[in-house]
Amino acid sequence: MNELKVLIIDDEVVFSQNMAKLLNTRGYQTETANSGEEGIRVLEKEAYDVVVLDLKMPGMNGIETLKKINELDIQLQVILLTGHGCVDTAMIAIQLGAFDYLPKPCDVKELSEMIDNSQKNKNKKLKKSKRLRMRL
């Protein structure tokens, strides 16, 4: 069983609930938030390994939400979900620290593989950071 905690931040309630159910059947501990603001409140109270973040949302959009997540200074990976034609914005999000992006709607198998890969990347970064701190 997978022990990773995943938070889906997406304003499309049906999509996020369905994706959460599908990820839960794959062993992830998945919760949802239906706005950027709600997602930030959840992250301030509880630790997650991965955030699956919709890029286009009313109010606080995905880029603004990602910037707020970065301000929280927590160790997690962010995977962006983008609609058609949003690749340029997704690339900006990657420059801001997002792990990767997927077009929406996405396949649960592809998303779960990306979640797992994000954790491998996170572990590599943590090891590299630890080695650098030991040298100082």
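For this structure, a couple of remarks:
- Among (1) 107; (2) 120; (3) 154, the entry derived from the coordinates for volume of the Cα convex hull per residue in Å³: (1)
- Helix axis angle, 36-45 relative to the chain longest principal axis, alpha carbon, degrees: 40 degrees
- Full-stretch length increase - A47, K109 - with 0.36 nm per residue and alpha-carbon distance subtracted: 19.9 nm
- Taking 19 Å as the limit for the C-alpha separation, the pairs K56/K104; K21/K56; K68/K120; K67/K109; K67/K120 exceed it in the case of K21/K56; K68/K120; K67/K109; K67/K120.
- Rounded Å value of the spacing that divides the Cα centres of the stretch 46-119 and the stretch 24-44: 12 Å
- Antiparallel bridge percentage (DSSP; both residues within the chain; nearest 5): 0 percent
- Computed [θ] at 222 nm, deg cm²/dmol, the chain (DSSP H ≥ 4; -39,500 (n - 2.57); rounded to nearest 500): -17000 deg cm²/dmol
- The calculated FRET efficiency for the pair Q17 and I74, based on their C-beta separation and a Förster distance of 35 Å, comes to about 0.90.
Read the figures in this text as sums done on the coordinates, not as results from a lab. Remember, predicted model here, so these are calculated numbers, not experimental data. Using ideal geometry, Cβ is built from the backbone for each residue, glycine included, and neighbour counts are taken over all protein chains shown.
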